[in-house]
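One structure is given here, and the rest of the page talks about it.
The values are calculated or read from the model by the stated rules, or taken from the named source; none is laboratory data. Model, not experiment: these values are computed from the prediction. Glycine also receives a Cβ, built like all others from the backbone with ideal geometry; neighbour counts cover every protein chain displayed. Accessible surface is based on the protein model in full, side chains and every heavy atom, while ligands, DNA and RNA are left aside. Shrake-Rupley method; radii C 1.70, N 1.55, O 1.52, S 1.80 Å.
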Amino acid sequence: MLTLVLLVPLLLLSNALAQVDTISEIQKTISVLVQRMNTAESSLKESQENLVKALQRVAVTESKLQQAETKLVQANVKRVQLESELKAGLNDMKNVGTKNSASITGLTQNLSSLQGKQTRHIAFSVGRSTSLTGNSDNTVITYDKIWLNDGNGFNKFNSYFVAPLSGVYMFTYNNLYHSNKNSFVLFMMNGKHVQSSQGYDANGGWGMSGNVVQLRLQKGDSVWLELGTNHFIYNNYPYSSFNGQLIYQN
């Protein structure tokens, strides 16, 4: 009985000690869990702070993005305005270019017309220094003295004047006659008799005969002088002369 009495307390004490160990372990476990919870809370708090900062950065970025989008919209509006102004300017330039082209064309045409109508200096003056008697057919009076031939209309080889330009020309001619010999000179144009002059002195004296004529010639028309058959002009000095000039162009 005594043994049983002693064993009971020992068992109770052993159970109590076992419970104490269990409580200690539980406390240790709780302490570890508390530490872990504290660490987790600290990490969570830090994560929350990082999240807030990240959200702030996102907000700043979104604000900058909105500002950039606003500037882009404004730039597009300006671009559209500039394109519109550029198109208007190009149209104005085209209109001005068209007007200038028309003006230049008109000026060119006027210049060409003026150049075409510009009066060239055309004049000639020639003389004959030897006497001449007309043969059986009318004889072309040739001239060996050329004092003036502006425009090169007078042909020194055949003594024809060929009009370099179309227009109105004036011609004069005179010849010296002597004694009782007739002097009959014909003014010819393109093979046709246009005018004439005649001189005669029955008393055997000296005299000058001549005439003046104004004609409208086309470019390439020819004029010259002929001495009538058996008629006579006297020269031992260039008394006989033939002159002409362009008065104005057509």
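Here the label points at Lys64 and Val77, each 7 Å from Cα along the C-beta direction, are separated by 2.4 nm in the simple model. The Rg/Rh ratio of the range 25-92, with both radii computed over alpha carbons and Rh defined as the Kirkwood radius, is 1.68. Give the lysines whose C-alpha is closer than 16 Å to that of Lys45, dropping any in the same chain fewer than 8 places away, or say none. Straight-line reach from Lys45, under 16 Å: Lys53. Ordered by solvent-accessible area of protein heavy atoms (1.4 Å probe), largest first, the residues Arg128, Arg36, Arg79 come out as Arg36, Arg79, Arg128. As a rough guide to protection, the peptides 237-249, 218-230 ranked by mean Cβ packing within 10 Å, highest first, stand as 237-249, 218-230.
For Lys87, a cut-off of 21 angstrom between C-alpha atoms picks up these lysines, skipping any fewer than 8 places away in its own chain: Lys78, Lys99. Within the range 215-250, what residues put their amide N at less than 18 Å from the label point 7 Å along the Cα-to-Cβ vector of His193? Counting only backbone N, you get 223-233. Near Tyr160, the amide H atoms lying under 5 Å from its own belong to Asn155; only residues 5 or more places off or on other chains count, and H is placed 1.01 Å from N. Once all protein chains are placed together, Thr130 keeps about 70 Å² accessible to a 1.4 angstrom probe. Once both labels are positioned 7 Å from their Cα atoms along Cα-to-Cβ, the gap between Gln35 and Leu51 label points is 2.7 nm.
The modelled label-to-label distance between Asp150 and Arg120, using points 7 Å beyond Cα along the C-beta direction, is 1.3 nm. With a ≥ b ≥ c taken as the square roots of the eigenvalues of the C-alpha gyration tensor of the range 152-250, please select rounded if a/c is under 1.5 and otherwise prolate if a/b is larger than b/c or oblate if it is not? In terms of gyration-tensor shape, prolate. For the peptides 24-34, 181-191, 138-148, 206-216, residues were scored by their other Cβ atoms within 10 Å and the scores averaged per peptide; the highest-first order is 181-191, 138-148, 206-216, 24-34.
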